[in-house]
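Let me begin by handing over the structure; questions about it come next.
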Ligand code: HEM
């Protein structure tokens, strides 16, 4: 027997706007708390649109594993305005073909270059940190995290390193672009893109800059003078579409690169900032981490093989991604009327899978708000309860990329510095496109 949709427990919102105010005030906490209050599944309404807040692992599995029934929602159209129709926003057979084509490029063993690139970028950053420390200054952690990730991303994806001014501009534009996407996502009415509102202008200018930069990179990478060929752009350019047997057209290459930049930049930088903050915040736990990274052979560069020998670093990352998942919700829309966990869900209902709520649920975690990396000492994370990279067919394609980059950078950091915080208060959370620290974190580093 299937129960009707309206029999699901619901949030009592405003008569006209429904739960808009509560959702806007805390887009990470509102669906998490609502679903958790009602055993993992509840409904709410914004204007006339119906939503499901979900933290129940069975319902989550069904939603994420049924891409033909649950498709990406209206938010993705706003992302598409910046990145074009790449892997990050598409659905259906076109997405599947592209995903199959790109998957092999993102396997850990194909990503040795991420480790080497991160090592050289982080080395430069740590040298600057040493200089700042000698002068008695503190490091702006979130800013440094953005520089690290955008530089590694640009250097790994493109044919050469970009000059610092271009890196700065790229990081700023993607940051503004994603903020504007979020504004459009939570606004009551979004005017068409051709109306020159501030939000639309910023979005389109970010889109244009990224497009032109990447088009130029593709042109120079295909010239005979192009530099080393280990970068992902060369690998992407050598792929052939299954349905035509031809190389990916330039427009498709640009779209995929834009998707990768936008999907991988702020997520990885938020993860880095939260993890380093946690390491500085828990010196009693960080001691074991220092011992682990010190045990690596000093005369060898980091490699995929060495990075596998860092269980403590891995647990720190897993626990940070549990409490501070950069992608805090996953949204899908029901394509037609369907059944989910005993309820009839009407077509057009938007499911908000709360990664944040699932990761903090006392039903699945003991002392869920405690930072305890050791909870993963004997068991790796349960894939039903720990989904910072999503689940099902849309599982993050950049997961190995991000984890290799994070592990490499953290290892270098731990080998070189002891960490402490200028301000012992916990930073607020800022839930925009990613969940990141809401204020700059000032970090003190002391050479070891
Ligand atoms: C810590 C860092 C990262 C986190 C937490 C993260 C998280 C996620 C999550 C949760 C999804 C699934 C979205 C959904 O189901 O709707 C996703 C998808 C995606 N991610 Fe990541 N990501 C990270 C880093 C990266 C990096 C470095 C790249 C690129 C190099 C990347 C590229 C993508 C792409 C292209 C998709 C769409 C995949 C598809 O739908 O087939 N991500 N990511």
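The values are calculated or read from the model by the stated rules, or taken from the named source; none is laboratory data. None of the values given here were measured: they were computed from a predicted structure. Here Cβ is always computed from backbone atoms with ideal geometry, including for glycine, and neighbour counts include all displayed protein chains.
When you go through 362, 325, 283, 346 one by one, which is the residue that is within 26 Å of residue 434 (Cβ to Cβ) and surrounded by fewer than 19 Cβ atoms within 10 Å (Cβ to Cβ)? Give the derivation first.
Details: 325 fails: surrounded by fewer than 19 Cβ atoms within 10 Å (Cβ to Cβ); 283 fails: within 26 Å of residue 434 (Cβ to Cβ); 346 fails: within 26 Å of residue 434 (Cβ to Cβ).
When all the criteria are applied, what remains is 362.
Table: residues versus (1) over 30 Å from residue 367 (Cβ atoms); (2) away from the ligand (no atom under 16 Å from the Cβ).
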site: 235; (1), (2): yes, no
site: 243; (1), (2): yes, yes
site: 246; (1), (2): yes, yes
site: 253; (1), (2): yes, no
site: 283; (1), (2): no, yes
site: 294; (1), (2): no, yes
site: 300; (1), (2): yes, yes
site: 306; (1), (2): yes, yes
site: 318; (1), (2): no, no
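I would also like to ask the following. Just checking, how many residues over region 225-236 are surrounded by fewer than 18 Cβ atoms within 10 Å (Cβ to Cβ) and modelled with pLDDT of 80 or more?
2
Same structure, new question: Among the residues of region 148-168, what is the count of those that are in a helix (DSSP H, G or I) and under 18 Å from residue 255 (Cα atoms)?
Of the residues in region 148-168, 6 are in a helix (DSSP H, G or I) and under 18 Å from residue 255 (Cα atoms).
Results for (1) surrounded by 19 or more Cβ atoms within 10 Å (Cβ to Cβ); (2) assigned to a loop (DSSP other than H, G, I, E, B); (3) within 13 Å of the ligand (Cβ to nearest atom), shown as yes or no for each residue.
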| position | (1), (2), (3) |
| --- | --- |
| 367 | no, yes, no |
| 379 | no, yes, no |
| 382 | no, yes, no |
| 390 | no, yes, yes |
| 397 | yes, yes, yes |
| 402 | yes, no, yes |
| 409 | yes, no, yes |
| 413 | yes, no, no |
| 430 | no, no, no |
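Quick check on residue 96: is it surrounded by fewer than 16 Cβ atoms within 10 Å (Cβ to Cβ) and not assigned by TED's automatic domain parsing to the domain that holds residue 35?
yes
Take the residues of region 237-277 that are touching a strand residue (DSSP E or B) at 6+ places or on another chain (Cβ under 8 Å) and farther than 20 Å from residue 408 by Cα: which is modelled with the highest pLDDT? I'd like the intermediate steps shown before the answer.
Let us first name the residues in region 237-277 that are touching a strand residue (DSSP E or B) at 6+ places or on another chain (Cβ under 8 Å), namely 237-241, 246-248, 266, 269-270, 273-274, 276-277.
Then keep just the ones that are farther than 20 Å from residue 408 by Cα; that gives 237-241, 246-248.
Values: 237: 82, 238: 83, 239: 83, 240: 82, 241: 79, 246: 83, 247: 83, 248: 86.
This residue is 248.
For region 352-362, check the following and say yes or no: at least one residue is at pLDDT 95 or above and closer than 26 Å to residue 309 by Cβ.
No - not one qualifying residue is present in region 352-362.
Can you tell me which of (1) assigned to a helix (DSSP H, G or I); (2) within 12 Å of the ligand (Cβ to nearest atom); (3) modelled with pLDDT under 95 is the one residue 171 doesn't meet?
Among (1) assigned to a helix (DSSP H, G or I); (2) within 12 Å of the ligand (Cβ to nearest atom); (3) modelled with pLDDT under 95, the lone unmet condition for residue 171 is (2).
Can you go through 156, 147, 176 and tell me which one is on the phi < 0 side of the Ramachandran plot, surrounded by fewer than 17 Cβ atoms within 10 Å (Cβ to Cβ) and within 19 Å of the chain's Cα centre (by Cα)?
176
Being without any contact (Cβ under 8 Å) to a residue 60 or more places away in the chain, assigned to a helix (DSSP H, G or I) and under 20 Å from residue 75 (Cβ atoms) is the filter here, so list the residues in region 330-365 that pass it.
355
Taking helices (runs of 4 or more DSSP H) that do not extend beyond region 1-97, which have at least 1 residues that are under 24 Å from residue 179 (Cα atoms), under 23 Å from the mean Cα position of the chain (by Cα) and at pLDDT 90 or above?
20-25, 29-37
Cβ-Cβ distance below 6 Å, separation of 6 or more or different chains: which pairs start in region 87-114 with a residue that is within 19 Å of residue 231 (Cβ to Cβ) and touching a residue at least 24 places away in the same chain (Cβ under 8 Å) and end on one that is within 12 Å of the ligand (Cβ to nearest atom) and assigned to a loop (DSSP other than H, G, I, E, B)?
Note: pairs meeting the criteria are 106/397.
I'd like to know if region 200-211 contains one or more residues that are within 16 Å of the ligand (Cβ to nearest atom), more than 21 Å from residue 437 (Cβ to Cβ), buried (at least 18 other Cβ atoms within 10 Å of the Cβ) and in the same structural domain as residue 259 (by TED's automatic domain parsing).
Scanning region 200-211 turns up at least one residue that is within 16 Å of the ligand (Cβ to nearest atom), more than 21 Å from residue 437 (Cβ to Cβ), buried (at least 18 other Cβ atoms within 10 Å of the Cβ) and in the same structural domain as residue 259 (by TED's automatic domain parsing).
Among all residue pairs at least 6 apart or on different chains, which show Cβ distances below 6 Å where the first residue, located in region 24-41, is farther than 16 Å from residue 14 by Cα and the second is assigned to a helix (DSSP H, G or I)?
Close Cβ pairs (under 6 Å, with a partner that is assigned to a helix (DSSP H, G or I)) amount to 28/356; 32/356; 32/357; 35/357; 36/357; 41/59.
Inspect all residues belonging to region 119-142 and state whether any of them is at positive phi and either in the same structural domain as residue 201 (by TED's automatic domain parsing) or at pLDDT 90 or above (or both).
Taking every residue of region 119-142 in turn, at least one turns out to be at positive phi and either in the same structural domain as residue 201 (by TED's automatic domain parsing) or at pLDDT 90 or above (or both).
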